[in-house]
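**Student:** Below is a structure I'd like to ask you about.
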Amino acid sequence: MNVVVAQINPQVGNIEKNTERILKAVNEAQSLKAQLLIFPELAMVGYPPRDLVYSPSLRKRQDAGLAQIRATLGDMTAIIGCLTANPHHFGRPLRNSAAVLHARQETRYYHKQLLPTYDVFDEERYFEPGLEPLIWNLNGSQVGVTICEDIWNFDGFRERHYRRQPLEGYRDRGLSLLVNLSSSPYRKGRPQARIDLLARVSQVVKCPVVYCNQVGGNDELVFDGCSLVTDSIGRVTTQGPAFEEAVFSAMTTPSSWPQRPIEWTRDALSLGLKDFLKKNGASRVVLGISGGIDSSVVAALATRALGPDAVLGVMMPSQFTSSASREDSKTLASQLKIRTVEVPIDDSIATLSKSLSAGVEQPLNELAQENLQPRVRMAILMAIANQEGRFLLNTSNKSELATGYSTQYGDGAGALSVIGDLVKEEVYQLGEDLNRWCPAIPPRVFTRAPTAELKPNQTDQDRLPPYPILDQMVRQVLEEGIDFDSLTGFEEKWIRTFRDLYRESEFKRRQFPPILRVTRNAFGIGRRIPLAAQID
């Protein structure tokens with residue numbers, strides 16, 4: 001059986017554009033003489049659709065698109081992820097389904113059985129689970145269908161959230177092929193975990209498995225594609241490319257994937273940034289350039305993803321800005337070939353300080369004076385963003401977010417946080433990788449002590465634990481789930497400092513822009529921490 005996989009990049013809610021993508025893939029598959037064409041989970045509406053599923057017109061437009069696709073298939077069968085209505089008077093109104101389409105046969109449907117409700121997923125809010133497997137005969141072959149989570153309920157791959165095991169419905173059924181439609185977001189290690197999982201699944205159902213995964217960025221989530229085909233004993237025979245659309249035969253030569261961990265991070269963030277702009281109807285960005293590693297990396301990454309003409313860097317020096325910061329900012333911009341503007345802030349700070357001091361009838365204290373600077377810078381950046389129709393990129397990292405080391409309505413603002421899921425060490429690693437593409441970040445940026453330059457001789461370590469220590473604690477607490485009392489290998493003073501800063505800054509994180517997600521536990525939609533609570 002000639003099977004073709006279409007790992008496409010749908011936009012949530014854009015039924016018409018998604019239908020165009022699918023029709024294009026149908027045409028490509030027909031040129032490959034496909035008998036079976038497989039698309040990702042919810043390919044018609046994009047994943048995750050969240051509350052858009054309640055749109056009165058969404059289903060109507062989707063069903064019209066499915067009818068249009070069905071009419072073009074000829075002798076080919078296509079399996080497409082879509083929404084269907086729950087026919088019962090009880091339960092959630094919709095189902096997460098796979099439509100098995102053929103131009104001259106009645107459409108069959110499979111309904112996803114396991115609905116994730118952890119981390120970034122909230123499917124039980126919207127969908128009623130299916131209860132039955134779907135197996136049908138295709139040209140003499142028995143084909144079974146599953147959707148994403150249905151194949152993940154094994155010990156060793158994640159916590160077992162469900163009592164039911166949908167794969168039992170396919171065991172010993174004489175399958176020729178098991179298909180899985182997926183929209184599985186990227187995170188570190190996830191592509192290899194899928195390879196290990198499919199090896200297990202193939203052995204259970206005793207047949208080849210075709211796994212088709214969505215690709216592209218939808219808000220904070222980045223989908224890597226990396227679709228897979230395994231044989232009946234679990235060996236990978238074909239793999240789709242990483243972070244790009246592709247329509248390919250299940251018999252094709254495996255695509256190459258990034259080799260080093262930082263390359264996965266770079267490509268995920270590049271695609272997430274590019275799609276965030278494109279799917280929001282934007283094409284240009286602005287960011288502050290300070291001469292530090294964070295803004296340098298975001299500028300370089302944005303230039304790589306969008307091109308230099310799309311990026312504007314704004315330098316906003318004050319009396320505390322060092323000559324090194326000025327020089328390195330200019331070198332960075334020159335090497336990247338991006339446009340820059342310089343807007344000094346000392347006069348604005350002096351005017352505001354004088355007005356505020358008169359209003360409160362006393363001089364501003366040190367904290368208010370320091371925080372005034374990033375808030376003035378943010379006012380400048382937002383004004384330029386409004387003036388030129390650009391999206392503002394936030395440049396804070398995960399270590400800073402974990403400790404609240406940012407100013408609310410200052411450097412904590414923006415339309416998108418590009419590196420907010422990277423600890424400081426990873427920002428440096430990404431900078432080194434980007435310098436292989438274009439040696440734009442000056443060597444001094446990698447060696448200078450990080451500083452916000454809000455007062456003379458200031459460094460981040462005045463308030464924070466040293467970054468090598470802080471990064472390790474952030475990873476253990478956020479990515480490994482270790483509580484503060486169980487942290488080991490650190491001086492008590494550093495644990496106490498981190499714990500106190502972490503606990504008192506949740507309100508800042510709640511108001512942070514969307515953060516592109518590349519780790520197991522990111523700050524963002526998968527995190528639901530009360531503000532008025534004791535945080536352990």
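Here, each number is a calculation from the coordinates, and none is a lab measurement. The shown structure was predicted, so the numbers you read here are calculated from the model rather than taken from an experiment. Backbone-built Cβ (ideal geometry, glycine too); neighbour counts: all protein chains shown.
**Student:** If you place +1 on the Cβ of every Lys and Arg, -1 on the Cβ of every Asp and Glu, and leave all else neutral, what size is the dipole of region 266-510 about its Cα centre, to the nearest 20 Debye?
**Tutor:** 820
**Student:** Tell me which residues come under 5 Å, amide H to amide H, from residue 177 once H is placed; ignore anything under 5 positions away on its chain.
**Tutor:** Those lying under 5 Å, H to H, from residue 177 are 142, 144.
**Student:** Cα centroid distance between region 473-499 and region 41-64, in Å?
**Tutor:** Cα centroid to Cα centroid, the span is 42 Å.
**Student:** Calculate, axis by axis, the spread of Cα positions in region 3-253 along the three principal axes, and write the results as whole Å, longest axis first.
**Tutor:** Principal-axis extents of region 3-253 (Cα, largest first): 44, 41, 34 Å.
**Student:** Moving on to the next point. Provide, in order from the shortest bin, the percent of all Cα-Cα pairs of region 110-153 in each 10 Å bin, continuing until the bin that contains the maximum pair distance.
**Tutor:** Computed distribution, short to long bins: 27, 44, 21, 8, 0.
**Student:** Which value in deg cm²/dmol, rounded to the nearest 500, describes the helix-derived mean residue ellipticity at 222 nm for the chain, given -39,500 (n - 2.57) per DSSP H run of n ≥ 4 and division by the residue count?
**Tutor:** Here the helix-only value at 222 nm equals -10500 deg cm²/dmol.
**Student:** Just going by the charge dipole of the chain, with Lys and Arg at +1 and Asp and Glu at -1 on Cβ, which of 120, 481, 413 is farthest out on the positive end?
**Tutor:** Selected residue: 120.
**Student:** Here is a further query. Under the Karplus relation 6.51 cos²θ - 1.76 cosθ + 1.60, θ = phi - 60°, what is the ordered set of whole-Hz ³J(HN,Hα) values for region 180-194, x standing for Gly and Pro?
**Tutor:** 10, 8, 9, 9, 9, x, 6, 8, 4, x, 5, x, 5, 4, 5
**Student:** Eigenvalues of the Cα gyration tensor times 5, then square-rooted: what semi-axes does that give for region 213-297, in whole angstrom, largest first?
**Tutor:** Its equivalent ellipsoid spans semi-axes of 32, 16, 9 Å.
**Student:** Starting at 0 and stepping by 5 Å, how many percent of the alpha carbon pairs of region 416-494 end up in each bin?
**Tutor:** 3, 12, 18, 20, 20, 14, 9, 3, 0
**Student:** Here's something else I'd like to know. Label region 17-150 by shape, choosing from rounded, prolate and oblate, from the square roots a ≥ b ≥ c of the eigenvalues of the Cα gyration tensor; if a/c is under 1.5 it is rounded, and otherwise prolate applies when a/b is larger than b/c, oblate when it is not.
**Tutor:** Judged from the Cα gyration tensor, region 17-150 comes out prolate (a/c at least 1.5, a/b above b/c).
**Student:** Only bridges with both residues in the chain count here: give the DSSP antiparallel percent, nearest 5.
**Tutor:** The antiparallel proportion sits near 55 percent.
**Student:** So which trypsin sites (Lys or Arg not before Pro) in region 433-530 pass both tests, a DSSP loop state and at most 10 other Cβ atoms within 10 Å of the Cβ?
**Tutor:** 528
**Student:** Check residue 451: other-chain or 5+ apart residues with amide H under 5 Å from its amide H, H built from backbone geometry?
**Tutor:** Close amide H contacts, sequence-distant or interchain: 460.
**Student:** Now, a different point. List the extent of the Cα atoms of region 478-536 along each of their three principal axes, largest first, rounded to whole Å.
**Tutor:** 33, 26, 14
**Student:** Can I ask one more? Output wanted: per-residue J couplings in Hz (rounded whole) for region 250-267, from phi through Karplus 6.51 cos²θ - 1.76 cosθ + 1.60, θ = phi - 60°, x for Gly and Pro.
**Tutor:** Per-residue couplings from phi come out as 5, 9, 6, 5, x, 6, 7, 10, x, 8, 9, x, 5, 5, 4, 4, 4, 5 Hz.
**Student:** Right, here's the next one. Give the calculated FRET efficiency between residue 200 and residue 50 to the nearest 0.05, with a Förster radius of 35 Å applied to their Cβ-Cβ distance.
**Tutor:** 0.70
**Student:** Taking amide H positions as placed 1.01 Å from N in the peptide plane, with prolines and chain starts having none, which residues 5 or more places from residue 288, or on another chain, fall under 5 Å of its amide H?
**Tutor:** For residue 288, the qualifying residues are 314.
**Student:** List, in order, the whole-Hz ³J(HN,Hα) value for each residue of region 324-332 obtained from phi through the Karplus relation with A = 6.51, B = -1.76, C = 1.60 and θ = phi - 60°; use x for Gly and Pro.
**Tutor:** 4, 5, 4, 5, 5, 4, 5, 4, 4
**Student:** Net charge within 11 Å of residue 423 by Cβ-Cβ distance, Lys/Arg positive one each and Asp/Glu negative one each, not counting residue 423 itself?
**Tutor:** Around residue 423, the surrounding residues sum to -3.
**Student:** Considering only C-alpha atoms, what is the centroid distance from region 255-324 to region 361-383, in Å?
**Tutor:** Measuring centre to centre over Cα atoms gives 25 Å.
**Student:** OK, next. In angstroms, what radius of gyration and Dmax does region 266-510 have, counting Cα atoms only?
**Tutor:** 18.1, 54
**Student:** Would you mind giving the three semi-axes, in whole Å and largest first, of the ellipsoid equivalent to region 72-167 according to its Cα gyration tensor?
**Tutor:** 26, 17, 11
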